[in-house]
Amino acid sequence: MPHTPHRLEIENISIGYGDKIILQDLSFQVPHGARVAVVGPNGAGKSTLFKALVGILPLKSGKIFIHGESLGAHKDCVAYVPQREDVDWRFPVTVSDVVMMGRFGQIGWWSNPSKKDKQIVRKSIEQMGIADLTDLSIGQLSGGQQQRAFLARALAQEPHILLMDEPFTGVDATTQEVTFGLLDHLREKQVTTIISTHDLNLAASRFDLVLLINHRLIAFGTPKQVFTKEHLAGAFGNSLLVMEDGMMLVDECCPPEEEHHHAEVK
Amino acid sequence: MNWLLEPLAYQFMQRGLFASVIVGVLCAVMGTYVVLRGMAFLGDAMAHAILPGVAIAYLLQGNLLVGAGVAAVIVALSIGLFSREGVVKEDTAIGILFAAALSLGVALISSMQTYAVDLSHILFGNVLGVSSSDLWLIGLLSLIILLIVAFFFNQFLVISFDPVLAATLRLPAELLRNLMLVLLALTVVVSLQTVGVSLAAAMLVTPAATAYLLTRRLLPMMLVSALIGALSSVIGLYLSYYLNIVSGSTIVLTATAFFLLAFLLKKMKSG
């Protein structure tokens, strides 16, 4: 039996804008179906990494392989759930329009959606619990519902790798649980998921692997391997306080839109 | 019914009516992208930027539409070039090119001897001066632009709504954006004759903005916008005939009236 390559292999990549390098010399491998949390302080390069994985930000150096082939060789095996601020919510599209966009990769640009496509769209919307909102325009939805519409689109895309940028920031508890329900469903289907989050507790308790970065790779492995005093100190520096009983506190100042945030790890 | 038919007894009125309806529909369809992608300033700039092309064509005694077309495409592509990779912000690039092209155009036209009349025609349009060869050219160009929009409808939707999805689907976003700029430039050129460069921007924005208030999906928005564009052109032209006012302004004012109506309707519905 031939050796199956890792789902995602990152080899010595450096990424940046213009002359500025945001992420330096990053390497790691993600096996099929793993759920990876990407954590690190603000401005550590989490969103930048995602942009490179999607292919909108060219690499300064290094290589990205998916199924052993370089990025771009596959047309639609990466799906991306954008951060809320990156979407124009006033655009005239309904929930079902948004989800159908996820099918364009399979349908092709010049054919009408088949019965099967329509069925996949309907099922994805139902699975995210927003069936009654199908014909509303996305601007009419609440924040959590909007995120679920984009999750439904990601589901309809039938990706091999799903990227989510901060899906747990500023959403209601229902949306968070629906999101984890989706992640469990995707794990069964061997879909690799890579998710950036500020919530270190979630990262420690509900993910297989954690990628800790701060402009470079600090640590990559199981939560137990990654969340050590040394690694956290390396990533968060002075924002980390180590208590006598072994408890650690991370306190970091957040970008303007986000609420002030505390996370703790035992 | 007589007042409806009377103006049509004149051949130039028939041609004017055809031309303004075609332009009304075309501007309204392209205007959908202008409104949704926030390109209103770009549309305005492009309209003014074609002036030097018109002037040069006039000096060389060539076809004005061809001159305008060449100038518009050059300006559209240079805006893309200057603002690519964020060297200069797009609106800054537009501002620079717009002012430079307009100044060049005015300089060229003011050096001509009979500029006064022609300048006002270029600025405000002269729909009653549309010749039958102009009409053919307007019709053909419009048809081509509308066919391209129909052909790339899904792609334009994705690059406008979600550039990141466009990237994951490996769409040539840069190429499509430039294509859209060229289509916009050609639209402005086609509308030169009916509403003129100073009012073309209004025909791009107003019907589409009106349709945005009344619909919630892209295709219906486009169709309603086209309908409003066509109606504004017909009503505007009749007003122009009976009130003896420049057709460009009556057409734009009619479109504005539709917008105000839709705005009030929306306010009443939600409040």
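Across segment A:23-36, in residue order, what do the Karplus-derived ³J(HN,Hα) couplings come to in whole Hz, using 6.51 cos²θ - 1.76 cosθ + 1.60 with θ = phi - 60° and x for Gly and Pro?
Values per residue, Gly and Pro as x: 10, 10, 6, 9, 9, 6, 10, 10, x, 4, x, 6, 10, 10 Hz.
Neighbouring Cβ atoms within 10 Å as the yardstick, rank A:6, A:160 fewest first.
The fewest-first ordering by Cβ neighbours comes to A:6, A:160.
Residue by residue, what Karplus-based ³J(HN,Hα) values in Hz, rounded to whole numbers, does segment A:38-47 have, using 6.51, -1.76 and 1.60 with θ = phi - 60° and x for Gly and Pro?
9, 10, x, x, 4, x, 6, x, 5, 5
Tell me the relative contact order for chain A as a rounded percent, counting alpha carbon contacts under 8 Å between residues six or more apart.
23 percent
If you count, for every residue in B:35-41, the Cβ atoms of partner chains within 10 Å of its Cβ, what is the mean?
Mean shielding count: 1.
Using the beta-carbon distance between residue A:126 and residue A:180 and R0 = 22 Å, what value does 1/(1 + (r/R0)^6) give for FRET efficiency, to the nearest 0.05?
Values: r = 18 Å, r/R0 = 0.80.
Efficiency, from the Cβ-Cβ distance: 0.80.
Could you pull out every residue, at least 5 positions away or on a different chain, whose amide H is within less than 5 Å of the one on residue A:211? Hs are placed 1.01 Å off N in the peptide plane, and Pro or chain starts have none.
The list, which skips near neighbours in sequence, is A:37, A:38, A:39.
If you filter segment A:122-192 for trypsin sites (Lys or Arg not before Pro), then keep DSSP loop positions with at most 12 other Cβ within 10 Å, what is left? Intermediate results must be reported in sequence, preceding the final value.
Values: sites: A:122, A:123, A:148, A:153, A:187, A:189; in loops: A:189.
The qualifying sites are A:189.
Per DSSP H run of at least 4 residues, take -39500 (n - 2.57); add these up for chain B, divide by its residues and hand me the 222 nm value, nearest 500 deg cm²/dmol.
Working: 14 runs with 226 residues, N = 271.
Calculated mean residue ellipticity at 222 nm is -27500 deg cm²/dmol.
With a/c under 1.5 counting as rounded, go ahead and sort chain B into rounded, prolate or oblate using the C-alpha gyration tensor (a ≥ b ≥ c being the square roots of the eigenvalues; past the cut-off, prolate if a/b is larger than b/c, else oblate). The partial results should precede the final answer.
Working: a/c = 1.79, a/b = 1.11, b/c = 1.61.
Oblate shape, in that a/c is at least 1.5 and b/c is the bigger or equal ratio.
Quick one: net charge around residue A:111, please, counting Lys, Arg +1 and Asp, Glu -1 for every other residue with C-beta under 11 Å from its C-beta. If you can, show how the numbers build up before the last one.
Values: positive: A:103; negative: A:117.
Net charge in that neighbourhood comes out at 0.
Sequence gap at least 6, Cα distance under 8 Å: using those rules, report the relative contact order of segment A:75-159 to the nearest whole percent. Could the numbers behind the result be given before it?
Numbers: 94 pairs, mean separation 41.4, N = 85.
Computed value for segment A:75-159: 49 percent relative contact order.
Where does the longest stretch of chain A lie that holds no chymotrypsin sites (Phe, Trp or Tyr not before Pro) found in a DSSP loop with 16 or fewer other Cβ atoms within 10 Å?
A:111-266
Going by how many other Cβ atoms sit within 10 Å of their own, how do B:27, A:77 line up, fewest first?
Values: B:27 34, A:77 20.
Starting with the residue having the fewest Cβ neighbours, the order is A:77, B:27.
Apply the Karplus parameterisation 6.51 cos²θ - 1.76 cosθ + 1.60, with θ equal to phi minus 60°, to every residue of segment A:154-166 and state each ³J(HN,Hα) to the nearest whole Hz, in sequence, with x for glycine and proline.
Couplings: 4, 5, 5, 6, 6, x, 9, 10, 10, 10, 10, 9, 6 Hz.
Structure shown: which of A:63/A:229; A:51/A:229; A:20/A:224; A:20/A:46; A:20/B:89 lie over 21 Å apart, alpha-carbon to alpha-carbon?
Working: A:63/A:229 31 Å; A:51/A:229 29 Å; A:20/A:224 33 Å; A:20/A:46 15 Å; A:20/B:89 18 Å.
Over 21 Å Cα-Cα: A:63/A:229; A:51/A:229; A:20/A:224.
To make sure I understand, if each residue's beta carbon is the centre and we count other beta carbons within 10 Å, what order do A:85, A:9, A:244 fall in, fewest to most? All intermediate terms of the calculation are to be shown ahead of the outcome.
Details: A:85 10, A:9 17, A:244 5.
Ascending number of Cβ neighbours within 10 Å: A:244, A:85, A:9.
Every number in this text was worked out from the coordinates using simple rules, so none of it is lab data. The model shown is predicted, which means the values in this text are computed figures rather than measured ones. Note that we place each Cβ from the backbone using ideal geometry, even for glycine, and neighbour counts take in every protein chain shown.
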